[in-house]
Amino acid sequence: QAKEAGRNCYMFYSKEMNEMASAQLAMENDLRNALKNDEFTLYYQPKMNRTGKVTGAEALIRWMHPQKGFISPAEFIPVAEKSDLIIEIGQWVREQVCQQLLIWKESSFPPIKVSVNVAAKEFTKHVVLQHLIDMFLKYDIDQHLLELEITEGTLMSSVDNGNMDYKVIKNMNVGLSIDDFGTGYCSLGYLKSYPIDTLKIDKSFIDNVTTNECDASITKTIIAMAHSLNMKVVAEGVETRAQHNFLLENNCDQIQGYFYNRPQEVKHFEEFVLSSSKLKVDMPVEESV
Ligand code: C2E
Ligand code: MG
Ligand code: MG
Ligand code: MG
């Protein structure tokens, strides 16, 4: 009887696992088609400086599946990361951004630093550095206007593997930012071994920053630490005026979040940039960044 139950159990898990594996395979297939059929677009979400001007943006990938409609990157990026598709997707994203930076440069649009998310595998497979070299040969852009966002986990695995690519990338004037900072297991020692320009405080601390004393302390501490290490700080996921005010009062350099704007297609982003350069913010403001 026990044997019987054990066998059922085994069959149950194996069925679940098969379903998961085939869902993964189906999505990988769809992602391959998406690359071929141009189903991705990039949205841009502004990063505002302390005077309420757009000085940066994060490029975020969007996928409109022909049958299933919009699929969130939170859903398909992890699938792409398990296969090697993330490498092609990453290259697509960076090429789009370089093209956009060139368009803006040639039309004298205000200079905006654009960050792209880079997955761990792109570094472990050493494809980012060479791809950036290719892109800069192809597109004559201001290299300092490109920034890479990586997570603490990506940073750690690279340090542990002695990956020196970041140092070369830094010498190419490309920025490096730690995304979702505070949620990973990065020991502070790692922060000094790499040329990091920016820490992005994770949204989970920002959510309750005005109501939870722990989150407020953590946020203030991250800002103070970043500044004393000569890094800039961005707060992500800022949704309310109260959060925004708290962050400005505590010297956060840049604000990103729905409070100002959602990620948008290029055309709307450009309109926002132009209108924000005339915008007056009724905030305690001062020049910086
Ligand atoms: P992330 O890099 O931490 O990006 C921030 C996410 O928070 C974005 O979700 C953005 O739309 C969302 N967000 C920004 N402000 C707010 C806010 O005020 N409230 C709320 N609720 N959300 C806000 P999105 O675009 O769905 O992307 C999710 C994640 O997928 C990203 O997290 C990133 O890890 C990954 N991702 C997106 N695009 C790419 C890409 O091109 N390459 C790679 N490797 N990963 C990407
Ligand atoms: Mg990011
Ligand atoms: Mg983030
Ligand atoms: Mg996040």
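The values are calculated or read from the model by the stated rules, or taken from the named source; none is laboratory data. Computed from a prediction, not measured in an experiment: that's the story for all the values here. Glycine gets a Cβ as well: all are built from the backbone with ideal geometry, and neighbour counts include every protein chain shown. These area figures cover heavy atoms from the full protein model, side chains too; ligands, DNA and RNA do not enter into them. Shrake-Rupley method; radii C 1.70, N 1.55, O 1.52, S 1.80 Å.
Filtering segment 95-130 to residues that are closer than 24 Å to Glu271 by Cα and among the aliphatic types (A, V, I, L, M) leaves Val97, Leu101, Leu102, Ile103, Ile112, Val114, Val116.
Can you tell which of Thr219, Thr211 is more than 16 Å from ligand 4 (Cβ to nearest atom) and of a type in the set (Ser, Thr, Tyr)?
Details: Thr219 fails: more than 16 Å from ligand 4 (Cβ to nearest atom).
The conditions single out Thr211.
Counting the residues of segment 168-183 that are surrounded by 17 or more Cβ atoms within 10 Å (Cβ to Cβ) and closer than 17 Å to Leu145 by Cα gives 6.
What number of residues in segment 233-242 are closer than 23 Å to Ala59 by Cβ and away from ligand 2 (no atom under 16 Å from the Cβ)? Number of matching residues: 1.
Exactly one residue out of Gln67, Gln45, Gln91 is of a type outside the set (Ser, Thr, Tyr), within 17 Å of the chain's Cα centre (by Cα) and either at positive phi or open to solvent by 40 Å² or more (accessible area, probe 1.4 Å) (or both), and it is Gln91. Residue pairs whose Cβ atoms lie under 7 Å apart, sitting 6 or more positions apart in sequence or on different chains, and linking a residue in segment 176-202 that is closer than 19 Å to Asn163 by Cβ to a partner that is polar (S, T, N, Q) and open to solvent by less than 40 Å² (accessible area, probe 1.4 Å), are Ser177/Ser115; Ser177/Thr198; Asp197/Ser177. Here Val209 clears all of (1) farther than 29 Å from Leu129 by Cα; (2) touching a strand residue (DSSP E or B) at 6+ places or on another chain (Cβ under 9 Å); (3) modelled with pLDDT under 95 except the condition numbered (3). Of the conditions (1) buried (at least 21 other Cβ atoms within 10 Å of the Cβ); (2) on the phi < 0 side of the Ramachandran plot, His268 fails just one. Which one is it? Failed condition: (1).
Within segment 25-61, can you find the residues that are within 16 Å of ligand 3 (Cβ to nearest atom) and charged (D, E, K, R)? Once the filter is applied, which keeps residues that are within 16 Å of ligand 3 (Cβ to nearest atom) and charged (D, E, K, R), segment 25-61 yields Lys47, Glu58.
Within segment 227-246, the set of residues being within 16 Å of ligand 4 (Cβ to nearest atom), closer than 15 Å to Asn208 by Cβ and open to solvent by less than 40 Å² (accessible area, probe 1.4 Å) comprises Ala235, Glu236, Gly237, Val238, Gln243.
When Asn208, Asn251 are screened for being more than 16 Å from ligand 2 (Cβ to nearest atom) and farther than 17 Å from Lys47 by Cα, only Asn208 passes. The number of residues in segment 248-265 being crowded, with 17+ Cβ neighbours inside 10 Å and within 15 Å of ligand 3 (Cβ to nearest atom) comes to 6.
Consider segment 184-205 and keep the residues that are out of contact with any strand residue (DSSP E or B) (no Cβ under 8 Å at 6 or more places or on another chain) and assigned to a loop (DSSP other than H, G, I, E, B). The one that is least open to solvent (accessible area, probe 1.4 Å) is Ser187. Scanning segment 139-154 for residues that are out of contact with any His (no Cβ under 6 Å at 6 or more places or on another chain), farther than 13 Å from Asn173 by Cβ, within 13 Å of ligand 2 (Cβ to nearest atom) and charged (D, E, K, R) turns up at least one hit.
Restricting segment 206-217 to residues that are open to solvent by 60 Å² or more (accessible area, probe 1.4 Å) and touching a residue at least 24 places away in the same chain (Cβ under 8 Å), the residue that is nearest to ligand 3 (Cβ to nearest atom) is Asp207.
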